[in-house]
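The values are calculated or read from the model by the stated rules, or taken from the named source; none is laboratory data. None of the values given here were measured: they were computed from a predicted structure. To get the accessible areas, we keep the full protein, side chains included, count just its heavy atoms, and leave off ligands, DNA and RNA. Shrake-Rupley method; radii C 1.70, N 1.55, O 1.52, S 1.80 Å.
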Amino acid sequence: MMDDQNHNNWEAATAGGYRQALGPGLASPPAAEPALPLLPEANGLLKACDAASKAGAAAAISINTSASKFLMNVITIEDYKSTYWPKLDSAIDQLLTQSPGDYIPISYEQIYSCVYKCVCQQHSEQMYSDLIKKITNHLERVSKELQASPPDLYIERFNIALGQYMGALQSIVPLFIYMNKFYIETKLNRDLKDDLIKLFTEHVAEKHIYNLMPLLLEAQSTPFQITPSTMANIVKGLYTLRPEWVQMAPALFSKFIPNILPPAVESELQEYAAQDQKLQRELMQNGFTRGDQSRKRAGEELTYNGSSACASSRGYR
């Protein structure tokens, strides 16, 4: 019994000493503090932070989506060759071979869109190279067909080839206007229309000018061997392609291009009158009459007086 009493006294003393060492505030485990209610300001701040967090996440998702769409819309060189250029190639073919007044079943909006996308995706250089190669191959075929033409059809076929090509340029150049503006003019310091006209000069006109010009001069000396409109189209076209070709036949070009020959001088008036008389005789020989001559003054002959000859001759020249 004595031992039990002593043991109990020791435990009590030990516990008391322990509580005294820890201090009265830590004698027992601290009770959990009650949660304080959030103030309205703090509550609103938390809501704002939460909303901002959600907005940031949404923006990040949007950016990622846009980036994904951009990457999905990238036109690789393989895409260009397999999808975009074939559409352009087909449209150019139709434009180069169309006849005046023909309906071409192509979408100009679709072609322009193809060009626009390819330029934006940095394919301008490749597209320009493909366009030049395409048109060059076409013009070489045209030149070979002209070489095989008989002399009596040569002038007319050259006129058709020239008119068809110039007509095609009126559609091709606007379709590639975006490439022209942001690549050819900016980086090459040239113009697409000038480049394409130069192609016809080099691959067709230069190869045929020495065969064509003698035929034109012969046709000029034989009235109505070819129609006046055909002669005018070819002469004006040749002058557009290369103005210096005027020197090959100044008299021929002067009939369709103003200010080719020097001004008339008085000493040449008789020559001009003689040319006019010759022209009138040729017209009458080919069945062209001078119309009603009943009101003609007595004694008036075919020969013009000096003043009328000068006026008529210089107006024609």
## Note on the structure
With all protein chains present, segment 77-261 has a carbon and sulfur share of its accessible area (1.4 Å probe) in percent of 51
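Per residue, how much accessible surface does segment 77-261 expose to a 1.4 Å probe? Answer in Å², no decimals. Walk me through the numbers on the way to the answer.
Details: 9770 Å² over 185 residues.
I get 53 Å² per residue for segment 77-261.
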### Task
Quick one: order Met166, Met213 from most to least accessible surface, probe 1.4 Å.
Met166, Met213
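Beyond a 22 Å Cα-Cα separation, which of these cross-linked pairs lie in this structure: Lys134/Lys198; Lys117/Lys198; Lys81/Lys144?
Among Lys134/Lys198; Lys117/Lys198; Lys81/Lys144, the Cα-Cα distance tops 22 Å for Lys117/Lys198; Lys81/Lys144.
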